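K.L.:
My questions all concern the structure below.
Every number here is computed from the coordinates shown, using simple stated rules; none is lab data. Computed from a prediction, not measured in an experiment: that's the story for all the values here. Cβ: placed from backbone, ideal geometry, glycine included. Neighbour counts: every protein chain shown.
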Protein chains: 2
Amino acid sequence: MLFEGSEKKCELIVDSSKINLRELDKEFWKELVAKCNATILSTISNEHCDAYLLSESSLFVWKDHFLLITCGQTTLIDSIVFFLETHGQEAVRQLIFQRKNEYFSYLQPTTFFDDVKKLKKTIDGEAYRFGKIDGHHNYLFHINKEYKPTNLDKTYELLMYDICPKCIEVLTKENQTKEVLRDFLALDKLIPGFIIDDFVFEPYGYSLNAIKDEHYLTIHITPQESSSYISFETNFDLVEKINIPLEVFRPGSFDLITFNSDNIPQLIAQVPDAYTDKRKVQGELGCGYTVTFSHFYKHVQETLAPYKLEEF
Amino acid sequence: MLFEGSEKKCELIVDSSKINLRELDKEFWKELVAKCNATILSTISNEHCDAYLLSESSLFVWKDHFLLITCGQTTLIDSIVFFLETHGQEAVRQLIFQRKNEYFSYLQPTTFFDDVKKLKKTIDGEAYRFGKIDGHHNYLFHINKEYKPTNLDKTYELLMYDICPKCIEVLTKENQTKEVLRDFLALDKLIPGFIIDDFVFEPYGYSLNAIKDEHYLTIHITPQESSSYISFETNFDLVEKINIPLEVFRPGSFDLITFNSDNIPQLIAQVPDAYTDKRKVQGELGCGYTVTFSHFYKHVQETLAPYKLEEF
C-alpha cells in the first residue's frame, strides 16, 4: 500500500495585538483542517500552545502563529486560503508554505506549482526549490512582507526515508500499542517531561505531538516497506538529540532542514559516520529566515538485489 | 517548460523463423508507433536493421527483435499490446519493458504499475525495481519465457541529468544546426563510420540514430535547464567511449544500466573521479539477462543557493 508520507507544511505568523490565535474557538480550527480534508483526533495544551493531533499529521497553535503539517492527499493550501479569507491579510506578518518532493506525485490532487498559483491570487510572494530536481528537494514559498523572527525562533525538520527492517517489523506489527512505540522511540531520552499525545493508526502508522513550555516535537510515521518515511520536527536544539531518531530508525537517507539554526556545523558533526553528506543548500530568504537543506544517505558498499514488485 | 525526457523502453525478441520483423511493411511500424502517440520522422537502414527516428525518440527493427524507446507523455505500452494483438504471442521469445522513475509523474497518463497491469491481461511476467524509491530507480518487467541471449547481445544505457550550463547554452540556442550539434557531441570520435540520422526540434531538443554493421547508438536530448536530461543507448562496448558523453555533457548525475555486459569494473574505472558511485544493483533475471543499475553523482563541496522558481 503506497502512501505519500511526506508533508505539506504551513507556518503563518500574525500580529497578536490584532488577532490572538489562541482565542479563536476550536470550531474555527476544525473548519480550517476540514478544508484540507483532515480532522482533529485529540488535543493537548499548555500555557503557550494548543497542539492538535490530526487524522493526517498535526496543527500547533500559539498566540501569534500556527503550524499546520499535513500528509497524504490533503490539500493544505485550501486551509491557508480559508484562513486568509476569514481573517484577511492585514494581521498576517509572514506566511511560509513548504512541500517536499513527492515520490507518488501522480496520486496528489495538486502540485506545489498549482498551490502557489492558487495562493498568488490572494497574496504575493516568492518560491524556491532547495535541492536538485533529480534528487531530494524541498519547495518553499513565502510572502513578500518584511519580518524579523525572534532569537528563539528556530526550527529543525528531520525527514527520514527507507527505515531499517527491524523498525518496519515493530512499526507494522498488528495491534501494536502506544506503550511499545513510546519505548521504541526512546521518548524518555528524547523528550523527558513533555506532555505527549499520540495515536496508532489502523493497520499501521503512528503520530505524536509533544509539548513542554515553548517547545514542541511532532513525529509522523509511515512504516510500510514500499514507501517508508518518518517526519520529525521540533523547535528544541537538535544538536544533543539528533542521534536518537537516527539510531532508532536507521534510515537509508534523510533530509535535514533548519530555520535560523546557529549551530549547523555542530549538528552535522553529530550525524553518524555511516552517512554521506550529499548536498547542502542555504538561503537567506526575504521572509527573515536563513533556511538550510542538507541531504544525507547511508553509503552501501555491497551490490543490492533488485526489488521484486508484487503489487499487480 | 517541463518535459519528462526519461523514456519508456521495450525490447521484443521473436523467433525469426516464424516472423521476420524486417519483412513487415513500414505501414505496420507507423501504426505501431501511432498507438503510443508518436510518428516516424525519418529512416536509415543497413543490412542488419532499420532505424526510425520518431517524434518522441526511436524505433530500431532487426530481423528477430525490435527496440522501441519513447519519451514525454507517450504510452509505449499500447504499442506493445498492439504488437501482441496483431502477431500473437507464439513467436515472441522475450519481451522486456522498462521505465525510469519520473520527476513529473503527475503529467504522465499512466504509471509503470498501470502499464504492467495492462500487459498482464495478455501475457504473464515479473516486475522489478532497480534502486530505492527515494533515489534514482528503474522499473523492469519481463515475460515468463526462458530465453538465452547470444554472446554478442549486450546493451548499455547512460541516462544523464542536470547537464552543465555551457551545454544548455549550446543546446537551447535558437536555430541551432545539426552540424554544430554533431561537432559538439564529438560524433567523429564517438561513432566514426556510422550512418547518422538526426533531428533538431523546435524550440529545442535533439535526437540521433546511428548504425554501423550490427551496432547502433541512439541519443535523445532534453536540454532545458528546468528538466535537463540526456539518454544515450548503444550495443557497442562502452568502455573506450563512456568518457566522451560524460565530458561533453558534464552531468550532475547519471544512471548506467547494462544488460549482459562482461566488463562493468573496467567501465566504472573509466568514470571520472569527480563522480561518486552511490548505488549498485544487479540481478540475474529470468529473461536470460544479467542487468546492472548504478547511480553516480558529482560531489559538490560548496553550499548551493536555493533555486528561485519563476514559472507562476
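K.L.:
For segment A:79-85, in order, what is each residue's ³J(HN,Hα) by Karplus, 6.51 cos²θ - 1.76 cosθ + 1.60 with θ = phi - 60°, in whole Hz (x at glycine and Pro)?
P.N.:
5, 5, 4, 4, 4, 5, 5
K.L.:
Measuring from a point 7 Å out along Cα→Cβ, what nm distances, shortest first, does A:D213 have to its partners in the other copies?
P.N.:
The answer, with the shortest distance listed first, is 7.7 nm.
K.L.:
Each residue of segment B:194-207 in turn: what ³J(HN,Hα) in whole Hz from Karplus with 6.51, -1.76, 1.60 and θ = phi - 60°, glycine and Pro shown as x?
P.N.:
Karplus-based 3J(HN,Hα) across segment B:194-207 equals 7, 7, 10, 9, 9, 8, 9, 7, 9, x, 6, x, 8, 10 Hz.
K.L.:
Once the other residues with Cβ under 12 Å from the Cβ of A:E47 are scored (Lys, Arg +1; Asp, Glu -1), what is the net sum?
P.N.:
Value of the local net charge: 0.
K.L.:
How large is ³J(HN,Hα), in whole Hz, for each residue of segment A:286-295 in order, when computed from phi with the Karplus curve 6.51 cos²θ - 1.76 cosθ + 1.60 and θ = phi - 60°, using x for Gly and Pro?
P.N.:
Per-residue couplings from phi come out as x, 8, x, 10, 8, 10, 10, 10, 10, 10 Hz.
K.L.:
Given R₀ = 25 Å, FRET efficiency for B:E202-B:I40 by Cβ-Cβ distance, to 0.05?
P.N.:
For B:E202 and B:I40, the calculated efficiency is 0.90.
K.L.:
Shifting gears a bit: With a 10 Å Cβ neighbour count serving as the proxy for reagent exposure, in which order, fewest first, do B:Y216, B:Y147 appear?
P.N.:
B:Y147, B:Y216
K.L.:
Taking other Cβ within 10 Å of each residue's Cβ, how do B:D153, B:D273, A:D262 sort, fewest first?
P.N.:
Lowest to highest Cβ neighbour count: B:D273, A:D262, B:D153.
K.L.:
Return the subset of A:K100/B:K308; A:K100/A:K132; A:K30/A:K148 for which the Cα-Cα distance in this structure is over 22 Å, preserving the input order.
P.N.:
Cα-Cα > 22 Å for A:K30/A:K148; rest within.
K.L.:
Out of every Cα pair in the protein assembly as shown, what percent are spaced more than 32 Å from each other?
P.N.:
51
K.L.:
Given label points at 7 Å from Cα along Cα→Cβ, what nm distances, shortest first, separate A:L285 from the same residue in every other copy?
P.N.:
Once sorted, the set of distances for A:L285 reads 4.2 nm.
K.L.:
At A:A269 and A:T177, where each label point lies 7 Å from the Cα along Cα→Cβ, what is the point-to-point distance in nanometres?
P.N.:
Each label point lies 7 Å from its Cα, and together they span 4.2 nm.
K.L.:
Summarise the long-distance tail of P(r) for segment B:8-298 by giving the % of C-alpha pairs beyond 34 Å.
P.N.:
14
K.L.:
Please compute the net charge surrounding A:L152, taking Lys and Arg as +1 and Asp and Glu as -1 over other residues with Cβ under 13 Å from its Cβ.
P.N.:
Here the charged neighbours net out to -4.
K.L.:
May I pose another question? Please give the contour-minus-distance gain from B:L152 to B:D277: 0.36 nm per residue of separation, less the Cα-Cα distance, rounded to one decimal in nm.
P.N.:
Roughly 42.3 nm would be gained on extension.
K.L.:
Can you give the helix-only mean residue ellipticity at 222 nm for the protein assembly as shown, where every DSSP H stretch with n ≥ 4 adds -39500 (n - 2.57) and the sum goes over all residues, rounded to the nearest 500 deg cm²/dmol?
P.N.:
It comes out at -5000 deg cm²/dmol, rounded to the nearest 500.
K.L.:
Follow-up. Out of all Cα-Cα pairs in segment A:1-158, roughly what percent, to the nearest whole number, are more than 29 Å apart?
P.N.:
14
K.L.:
Follow-up. Quick check: net charge around A:P265, other residues with Cβ under 12 Å of its Cβ, Lys/Arg +1 and Asp/Glu -1?
P.N.:
In short, -1.
K.L.:
Taking R0 as 35 Å, what FRET efficiency do you get between B:S226 and B:S17 from their Cβ-Cβ distance, rounded to the nearest 0.05?
P.N.:
Result of the calculation: an efficiency of 0.10.
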